[in-house]
Amino acid sequence: MNPVIAILEARPRLSDALALLAGVLLALAFAPYALRPLSILAPALLFLLWWDRTPGRAAWLGYLFGLGMFGAGVHWIYHSLYLFGAAIAPLAAFITALFVAFLALYPALLGYLLARFGPRLPGLALAVCFPAAWVLFEWWRGWFLTGFPWLLLGTAHVDTALAGYVPVLGAYGASLAAALMAGLLAWMVVRWSLRTLGGGLAALALVWALGVGLARIEWTGVDGEPITVSLVQGNVDQKEKWGPDAVEEALELYGGLTRQALGSDIVLWPETAIPTFYHEVEEPMTEIAAEVEAAGGALVTGIFVYRFATGDMYNSIVHVTGHPAAYHKRHLVPFGEYLPLRGLLMWLDDYLDIPMSDLSPGSGRPLLDVGGIIVGTSVCYEDAFGGQVIQALPEAQLLVNVSNDAWFGDSIAPHQHLEIARMRSLETGRDMLRATNTGVSAVIGHRGELIATSPQFETHVLTAEARLRSGLTPFGRWGNGAALLLTFGLLLLSRRAPPPKVMEDTGRTRG
């Protein structure tokens, strides 16, 4: 038996500690820490811990890894529940812990299935099967129960050579590349020899070099001259946003800031910039928009829209200038924008006092014509779903996202959210305008680079140039289907390995 595996097997407490630590380390691979190599090293350590274990033991190690990963990576949920949702501290902590405990079930189940059914041979299992299965579970987490595609391995590579895979295979394709590198590292440890070391290093170099090569390709082209854009960041404290004079104060604040941006082609306000329904402020909004239009621009804002015919309420993006048009948010946040299983969970309304939390989902494609520019639209959390953002293609020349990350205070969430938005620009080959209430507002280039950013927690007007683009990236054409097809193909390849030898007393396998 490999000495590393023997040590890990003989010291279960050490393995438990390493599994928990590996999860925490993976969370540090993402913004704001951005320790990118950990997105490969942490899963490689988990793969080693899973190697040659019983299903129950692998599930426990996966669960500890999940507790570390999601506990360190999404603890910011507590901020929105307690600080801004009016939940008492113990309830906010309990709901956050429950959410983390639920998410940890994903790597727990993955570990169990790999130990129970996976082809547990050092070559194909660690180098191919484990990584492919990891990506399938990321994809499952991205849609099950409305989805939570946060902390995907691929997202951690927005700034590395593996970003080259993103326009072709999307975030899950970059996840697959990172997971394969992690699997190769684990395989090199398990099958340690000069020959294995040479082959493993060559394979690692190939995965990395292919990413570098793909990153050199321009998948989309410039469509016209640059435009000037202004993102208005009001920096309204979430606790004051719904006060008795909040609407008048917001109109005065955003109106004044917008007059500083006259002359820009697009002036963009953040999500729910004015905390009321559009029809209630249509007259003053139209007056502000007329000033913007007279200077040659268009005003776009995030705001609630009420449909009198049906009584539906929407979280929307409204193009105010000229002939008003709106996009209504389609992917709502459970508990924040609607209450799932309302009959069973109605009691939570007494503790989660979140304004406008009974919204309806919109329908139709996420497109708006903004002064002759076709933009692909998303509201806040929707930009986490790459498969939905590309529904605006090929017409969209530019992406627009409005968010209100004030819900998460001075936590790591706004930085993670910006990192996710950068992936959408990479996937689509489009610049993105991202206006937020408290930051980080940003103009993002078509390669995911930050063209300009606002200071966080400051009232600010961010003015910069953006490019309109046309054409389709391979991901824009195929969506997540290509990455999933490749992942399933790797799983089938690993299944061609001969069956493992089973140890009767423990159910483990010999490598």
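The values are calculated or read from the model by the stated rules, or taken from the named source; none is laboratory data. This is a predicted model, so every value here is computed, not measured. In this analysis, Cβ positions are derived from the backbone assuming ideal geometry, glycine residues included, and neighbour counts consider all displayed protein chains.
Observations on the model:
- Any hit, segment 159-168, residues being hydroxyl-bearing (Ser, Thr, Tyr) and within 27 Å of Leu450 (Cα to Cα): yes
- Near pairs, Cβ below 6 angstrom, 6+ apart or cross-chain, from segment 1-17 (farther than 17 Å from Ala186 by Cβ) to any residue that is at pLDDT below 85: none
- Residue in segment 290-300 that is surrounded by the fewest Cβ atoms within 10 Å (Cβ to Cβ), counting only those that are in a helix (DSSP H, G or I) and in contact with a helix residue (DSSP H, G or I) (Cβ under 9 Å, 6 or more places away or on another chain): Glu291
- Within segment 209-261, restricting attention to residues that are part of a strand (DSSP E or B) and either touching a helix residue (DSSP H, G or I) at 6+ places or on another chain (Cβ under 9 Å) or of a type in the set (A, V, I, L, M, F, W, C) (or both), the residue that is surrounded by the fewest Cβ atoms within 10 Å (Cβ to Cβ) is Val222.
- Single match in Phe70, Phe94 (criterion: within 24 Å of Leu185 (Cα to Cα) and assigned by TED's automatic domain parsing to the domain that holds Pro131): Phe70
- Which listed residue, of Leu176, Leu206, is part of a helix (DSSP H, G or I) and either surrounded by fewer than 19 Cβ atoms within 10 Å (Cβ to Cβ) or free of Cβ contacts under 8 Å to residues at least 60 places away in the same chain (or both): Leu206
- Some residue of segment 29-50 being among the basic types (Lys, Arg) and over 20 Å from Leu176 (Cβ atoms): no
- Test: residue in segment 40-57 that is over 20 Å from Leu109 (Cα atoms), touching a helix residue (DSSP H, G or I) at 6+ places or on another chain (Cβ under 8 Å) and not aliphatic (A, V, I, L, M): no
- Within segment 265-281, the set of residues being farther than 22 Å from Gly296 by Cβ and assigned to a loop (DSSP other than H, G, I, E, B) comprises Pro270, Glu271, Thr272, Ile274, Pro275, Thr276, Val281.
- Taken over segment 96-121, the residue count meeting the criterion of being in a helix (DSSP H, G or I) and either surrounded by fewer than 20 Cβ atoms within 10 Å (Cβ to Cβ) or free of Cβ contacts under 8 Å to residues at least 60 places away in the same chain (or both) is 17.
- Among the residues making up segment 46-95, those that are under 28 Å from Pro334 (Cβ atoms), in a loop (DSSP other than H, G, I, E, B) and of a type in the set (Val, Ile, Thr) are Val74, Ile88.
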